[in-house]
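Novice: I have a structure I would like to understand better, so I am pasting it below and will then ask my questions one at a time.
The values are calculated or read from the model by the stated rules, or taken from the named source; none is laboratory data. Worth saying up front: this structure is predicted, and the values here are computed from it rather than measured. Glycine gets a Cβ as well: all are built from the backbone with ideal geometry, and neighbour counts include every protein chain shown. Just so you know, the surface numbers come from the protein's heavy atoms only, side chains and all, with ligands and any DNA or RNA stripped out. Shrake-Rupley method; radii C 1.70, N 1.55, O 1.52, S 1.80 Å.
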Amino acid sequence: MSVVPLTGWQARCGPSRRGLLAGAGTLLLPAGAAGRAATAEGPLRIVGPWEISGLEPASSGHFFTGLQVAQTLVDADDTGRLRPGLAAAWQVAEEGLSWRLTLRAGVQFHDGSPLTATSVARALQRAHGRPGLLRLAPLTAVDPEGPLQLRLRLSRPFALLPALLAHPSTLVLAPASLGAGGGVERIIGTGPYRVAALAAPQRVQVQAADPASPWPVRRAHYLQASRAETRALMAEAGQADLAIGLDPASLARLRGHPAVRVLQVMLPRTLILKPHCGHRWLADLRARQALSLALDRAGIAAGLLRDPTLAAGQLLPPLLKDWHQPALPALRHDPGQARALWAQLGWRPGPDGILQRGQERLRLTLRTFPDRPELPLVAAAVQEQLRLTGVDCRVLVGNASELPLRHRDGSLELSLAARHYALVPDPLGTLLQDFGPEGGDWGALGWHSPALQQALDALSRGKGDAARWRRQAVTALHEGLPVIPLAWYRHSVAVPPALAGLSLDPLERSWRLTEMAWPRPVVS
């Protein structure tokens, strides 16, 4: 695999607004260039906020499924309904303790080796033994039963298994992808595109795996650019064909730009404030209720996200119809009641209005990250809203990886993140990961609910009234506030008007390169 040097549009802009504007005409494009004609000659240029943190499917599988380089055994449509992927069919035995998968015939990896039951079994055994969602499944064995059939054996019924096999962490790579030490050293998949060059953490280039394939987009280049303003300016200047992860101010500007078209789709993603529920100040439910009551969700949605409909009255958005519970009372904004709850816990305002209890001052650190550009803005609003109820909140913006690390060592007090609840097509997969008995990096910290565990266990076994158990699970989360919902999420992408065939995947499984096309040049 070659590594391509940084050239042309891939050069980085400076950190300041002035530098960004100057760079839009010089640093990002070759000298004298003013964009490029909308044809299929050049690569599709994608710019986004996310770093490629490694080659392991558990950490970066979404990049390679998104770029259609690698595939999972099970796929899903826009509604989350499962459909065949590399597995043409699957069926569960009557007792629920084994599943048989039948693979698609004639599939080859990009190195020419065939997809077989043996290669898939090894990939699944490896995924189950490493950090990732497949570890939720009680797998005891993965056995080939012929060239294209394999059997997965379980210690107990687990109805969620096919949905887990749609998660990017379970993508299937060729045996040659692994190095001598057992780690992934190259990405050799089965998708319509193959990796042509990769320079982690910022760049990856792909090209059509089969030179005779019919896809109009033959090549695509992804570049990580951390600043939302940089990505917006690249879209305006014609230097990016897909600019992903745009801040509300840039979106407002781009909507009036003649060279840019903005596409949006609702995602099953929620902006959440996560408290350390085991913290000595936050373990009491009244403290978490006070934090929630301090938050002006309608103001954040209207003023910062520029969309009043995004105010989150509960954790899971209406897009997830089976999980959203309209009968639940919406989370509300009541600063007076928040102050009253803190008073019940013995906190009294100090001279500057910040709450005190004995020699303690109610000061909490909120950590977030800039990968999603709205997070620092929302963090600043949360800081001020908490201050108005007597909480001294310090905001620190750092790397996204710091939040899971501080979750694990227990030093996290508050965090602000955007959590996608359908990366496994069934939200049950994410809920099991986030709110299982041990909690999860992006879920509960120091909180446990027997009612929630009962519901999740019943749903994972596929037994009983699923609607009832979903209602019980959502109610437990709503009342216990292990994470505090702020806003639902609308995904936005800026593209040139001439780029046709583009549709946004609400489950963020794929960037759908094979569906895109540039207009053909007119031949007179």
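Novice: Grab the Cα-Cα distance for ARG104 and SER53, subtract it from 0.36 nm times how many residues apart they are, and report the gain in nm with one decimal.
Specialist: Details: separation 51, 0.36 × 51 = 18.36 nm, distance 3.07 nm.
Extending this stretch completely gives an extra 15.3 nm.
Novice: Another question about this same structure. Would you work out what percent of the accessible area of the chain, with all protein chains in place, is carbon or sulfur (probe 1.4 Å)? Mind showing how you got there, number by number?
Specialist: Working: 11510 of 21630 Å².
Of the solvent-accessible surface of the chain, carbon and sulfur hold 53 percent.
Novice: Sticking with this one: Each residue of region 191-198 in order: what ³J(HN,Hα) in whole Hz does its phi give by Karplus 6.51 cos²θ - 1.76 cosθ + 1.60, θ = phi - 60°, with x for Gly and Pro?
Specialist: Computed from phi, the couplings for region 191-198 are x, x, 10, 10, 6, 9, 7, 8 Hz.
Novice: Longest exposed-loop-site-free stretch of the chain, with trypsin sites (Lys or Arg not before Pro), DSSP loop and at most 11 other Cβ within 10 Å? Spell out each step's value before the answer.
Specialist: Numbers: sites that count: ARG81, ARG280, LYS321.
Maximal segment without exposed cleavage sites: 322-524.
Novice: Can you give the accessible area per residue of region 45-112, in Å², using a 1.4 Å probe?
Specialist: Heavy-atom SASA per residue in region 45-112 reads 43 Å².
Novice: Taking 45 Å as R0, compute the FRET efficiency from the Cβ-Cβ separation of LEU263 and GLU402 and round it to 0.05. Could you put the intermediate results ahead of the total?
Specialist: Values: r = 31 Å, r/R0 = 0.70.
Here the calculated transfer efficiency is 0.90.
Novice: Could you work out the helix-only [θ] at 222 nm for the chain, with each DSSP H run of four or more residues adding -39,500 (n - 2.57) and the total divided by the number of residues, to the nearest 500 deg cm²/dmol? Please list the in-between numbers first.
Specialist: Values: 14 runs with 132 residues, N = 524.
Taken over the chain, the calculation gives -7000 deg cm²/dmol.
Novice: Which whole-Hz ³J(HN,Hα) couplings does region 368-373 yield from phi under the Karplus relation 6.51 cos²θ - 1.76 cosθ + 1.60, θ = phi - 60°, glycine and proline marked x?
Specialist: Coupling constants for region 368-373: 8, 8, x, 4, 9, x Hz.
Novice: Next question, about the same structure. Given C-alpha coordinates of region 220-336, what is the ratio Rg to Rh with the Kirkwood estimate of Rh? Before the final figure, lay out the partial values.
Specialist: Details: Rg = 18.4 Å, Rh = 17.1 Å.
Rounded to two decimals, Rg/Rh equals 1.07.
Novice: Taking a probe of 1.4 Å, how large is the accessible area per residue of region 297-442, in Å²?
Specialist: On the way: 6380 Å² over 146 residues.
Per residue, region 297-442 has 44 Å² of solvent-accessible surface.
Novice: I'd like the FRET efficiency for ASP352 and GLN207, computed as 1/(1 + (r/R0)^6) with the beta carbon distance as r and R0 of 56 Å, rounded to 0.05.
Specialist: Values: r = 60 Å, r/R0 = 1.08.
Calculated transfer efficiency: 0.40.
Novice: From the C-alpha coordinates alone, can you work out the Kirkwood hydrodynamic radius of region 92-213, in Å? If you can, show how the numbers build up before the last one.
Specialist: Values: mean 1/r = 0.0638 Å⁻¹.
Over region 92-213, the inverse of the mean reciprocal pair distance is 15.7 Å.
Novice: Another one. Can you give the net charge of the other residues whose Cβ lies under 10 Å from the Cβ of SER503, counting K and R as +1 and D and E as -1? All intermediate terms of the calculation are to be shown ahead of the outcome.
Specialist: Working: positive: ARG512; negative: ASP78, ASP505, GLU515.
Cβ neighbours under 10 Å give a net charge of -2.
Novice: Here's a follow-up. For TYR489, list long-range residues whose amide hydrogen, built 1.01 Å from N in the peptide plane, is under 5 Å from its own amide hydrogen.
Specialist: LEU267, ARG269
Novice: Which entry in (1) 77, 57, 44; (2) 75, 66, 42; (3) 116, 66, 49 matches Cα extents along the principal axes in Å derived from the coordinates of this structure?
Specialist: Computed from the coordinates, Cα extents along the principal axes in Å corresponds to (2).
Novice: Residues of region 102-146 with amide nitrogen under 12 Å from the 7 Å Cα-to-Cβ point of ALA88?
Specialist: 102-107
Novice: Calculate, for region 114-260, the solvent-accessible area per residue in square angstrom, rolling a 1.4 angstrom probe over the heavy atoms of the protein chains. Please report the intermediate quantities before stating the final value.
Specialist: Values: 5240 Å² over 147 residues.
Value returned for region 114-260: 36 Å² of accessible area per residue.
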